[in-house]
């Protein structure tokens, strides 16, 4: 393992990884709010985040009214009422249960270019303090798939085509019933936008992520596996279940 082993924690179950990451995020939020009046957090939306978000919702220590929440990606082309939207997931899992100071979710349903401009303005207004994320089966961060990953991207957010492995994963994760239902395009925050945050908490579970986890931790820094860039962040911590980490143990 060519990263600091203190950055990587491996747990027997997905739930244990979620609880541990939730505790660490809770602690980070509390510490940051000793120094700042408000903080800004970017949230991922995926089944791998369920237990982490459940822990945060149940926390009695987090002052949500001092948190500005954003998300990192969203499908293009789904109807606004779709349950598959990441906004729908986040509202159902967390933001219908806690009252944040501000909530800014990506919504490309009206005009994609105007939404890019809106989110760019929001992101660049101030520092992003925390990012809660996962990695994809193809090593993507948000929807920065290998064909579009750019470690030096000058954009804050952009429209991308989703690669086949990424779309197949959405079916594996049971977010869609079949491949044909998975949108071809999405909006995603770029890699520099995510990497510019103060702290990153990366939660990954499942045997289908084992190769991606191996490459993330042990592989060469490469856009072929975009998640390898996470190793270059000074404050990125990884939380894996044993199935996801089976190749690095």
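Every number here is computed from the coordinates shown, using simple stated rules; none is lab data. Note that the structure is predicted; figures quoted are calculated from it, not measured. All Cβ positions, even for glycine, are placed from backbone atoms using ideal geometry, and neighbour counts span all protein chains on display.
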The alpha-carbon center of the stretch 196-214 and that of the stretch 32-66 are separated, in whole Å, by 18
Restricting to the chain, what percent of DSSP beta bridges are antiparallel, rounded to 5? 30
Neighbour-count ranking [beta-carbon atoms within 10 angstrom, fewest first] of 140, 104: 104, 140
Using the number of other C-beta atoms within 10 angstrom as an exposure proxy, rank 190, 154, 172 with the fewest first. 154, 172, 190
Note down the relative contact order for the chain as a percent, whole number, built from C-alpha pairs under 8 angstrom at least six residues apart. 25
Paramagnetic label zone (point 7 Å from Cα along Cα-to-C-beta, residue 177; backbone N under 17 Å) in the stretch 74-102: 79, 82-85
By per-residue mean of other Cβ atoms within 10 Å, what is the highest-first order of 44-53, 19-28? 44-53, 19-28
As a footprinting exposure proxy, order 195, 72 by other Cβ within 10 Å, with the fewest listed first. 195, 72
Segment residue 247-residue 152, extension gain: residue separation times 0.36 nm, minus the distance between their alpha carbons: 31.3 nm
The chain -> Rg/Rh from Cα coords, Kirkwood Rh, value 0.93
